[in-house]
Amino acid sequence: MPRVRELLGNHLGLEPRSAVHPREVVALGAAVQAAIIAGQPVDAILVDVTPHSLGIEVADIQMGRIIPGLYKVLIPRNTVVPVTQEEVFTPLFPDQETVRIRVYQGESPVAERNTLLGEFMVKGLKPERWGEWPKVTVQFSLDIDGVLHVEATDRRTKKKKGITVTASPTRMGAAEIARARAELQLWDDEAGPLLARARLLLKEELEPEEREGLQAAVAALEEVLESGDRDRLEQCKDDLLDVLYELEE
């Protein structure tokens, strides 16, 4: 504990308070919350925050290639609740009338490595003006009870579709959280698209040697991201890029 207090003090520039025993903190916080609910005058404000980031799966187009399976965060972790956030998205193609909204919880920039909370379809999309792409407003609302409401609205027709998530089907363990945060800190704009391209290619028919080489390159880059080894990051990205170029020619 002394070392932890020292690290916190150096990081925050403030001396941590040590008057309250660590094992009593939760009980004291619960007592304060109970007093507030009971309407007693309490000179304190307690706030809840979301422990994990919340977002949806998206795709991107880079150098003429579709990069699927990326994770777009709408509510970052540690955001004070209740909170509502929204963002406008477009489908991949101008004549696309249906999109699937996949809702995830987690910290990995790759969607499938997070926890899937639910999904729904939005159909009948129409562009607001001729020659434009359809637009969908996706809104996340997280209430004080931890209930997540996700709603997608067609910007032209105003039709809405959504889901309500009352609880996560699985909770991330401490090791998963630590690994995801380390990966998030190490992540850059190149690693995600490279891994997405590789996973897309692995779904195609490849020669056994080609598949083995691609899987090895993917595994090496994922290992670097999980371990936080910055010294090997660039080399592993280059190795995977070389394999992709050879297979995509």
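The values are calculated or read from the model by the stated rules, or taken from the named source; none is laboratory data. Only a predicted model underlies this, so the values are computations on that prediction, with no experimental measurement involved. Ideal geometry is used to build each Cβ from the backbone, glycine not excepted, and the neighbour counts take in all protein chains shown.
Only one residue in 67, 61, 56 is touching a Phe, Trp or Tyr at 6+ places or on another chain (Cβ under 9 Å), of a type in the set (A, V, I, L, M) and either assigned by TED's automatic domain parsing to the domain that holds residue 29 or under 22 Å from residue 193 (Cβ atoms) (or both). Which one?
56
Check whether at least one residue in region 199-209 is closer than 30 Å to residue 49 by Cβ, outside the structural domain of residue 66 (by TED's automatic domain parsing) and either modelled with pLDDT of 85 or more or touching a Pro at 6+ places or on another chain (Cβ under 9 Å) (or both), and report yes or no. Checked region 199-209: no residue is closer than 30 Å to residue 49 by Cβ, outside the structural domain of residue 66 (by TED's automatic domain parsing) and either modelled with pLDDT of 85 or more or touching a Pro at 6+ places or on another chain (Cβ under 9 Å) (or both).
Counting only strands (runs of 3 or more DSSP E) that fall entirely inside region 23-140 and contain at least 2 residues that are without any contact (Cβ under 8 Å) to a residue 60 or more places away in the chain and in contact with an Asp or Glu (Cβ under 7 Å, 6 or more places away or on another chain), the qualifying elements are 99-105.
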